[in-house]
């Protein structure tokens, strides 16, 4: 569960997915882009919506498995190697 109101990237979401943990996250900032369809997106200002998502994931084993598998697949789109290479390219351009 990561109901952040503001997030620069969303590393905690990817870390959870990499561990196979189903994710519930905010529909704000960069989080929908990072999580894609591999997480439940909620309005972090709506406590009822957050509680409902938590209850649903905890009680619905089919949804739990689906989020688990989708998260493991989604995290493959991101890599530290690619992040390092792209960061290096940008730095080289400006140094």
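Going by how many other Cβ atoms sit within 10 Å of their own, how do 87, 56, 62 line up, fewest first? Spell out each step's value before the answer.
On the way: 87 10, 56 13, 62 7.
Lowest count first: 62, 87, 56.
How would 90, 24 line up from fewest to most surrounding beta-carbon atoms within 10 angstrom?
Fewest-to-most ranking of 90, 24: 90, 24.
Ignoring everything except DSSP H segments at least 4 long, calculate the 222 nm mean residue ellipticity for the chain; use -39,500 (n - 2.57) per segment, divide by total residues, nearest 500. Walk me through the intermediate numbers first.
On the way: 5 runs with 55 residues, N = 95.
Rounded to the nearest 500, it is -17500 deg cm²/dmol.
Could you put 2, 9 in order, starting from the residue whose Cβ has the fewest other Cβ atoms within 10 Å? Intermediate results must be reported in sequence, preceding the final value.
Working: 2 19, 9 14.
Going from least to most buried by this count: 9, 2.
Starting from 0.36 nm per residue, how many nanometres of slack lie between residue 18 and residue 88 once their C-alpha separation is accounted for? All intermediate terms of the calculation are to be shown ahead of the outcome.
On the way: separation 70, 0.36 × 70 = 25.20 nm, distance 2.45 nm.
22.7 nm is the gain from fully extending residue 18 to residue 88.
How high is the relative contact order of the chain, given as a whole-number percent (alpha carbon pairs under 8 Å, six or more residues apart)? Working shown, then result.
On the way: 121 pairs, mean separation 26.5, N = 95.
Relative contact order here is 28 percent.
Taken together, the values in this text are just the output of simple stated rules run on the coordinates, not laboratory data. In this text the structure is predicted, and so the values were computed from the model without any measurement. Backbone-built Cβ (ideal geometry, glycine too); neighbour counts: all protein chains shown.
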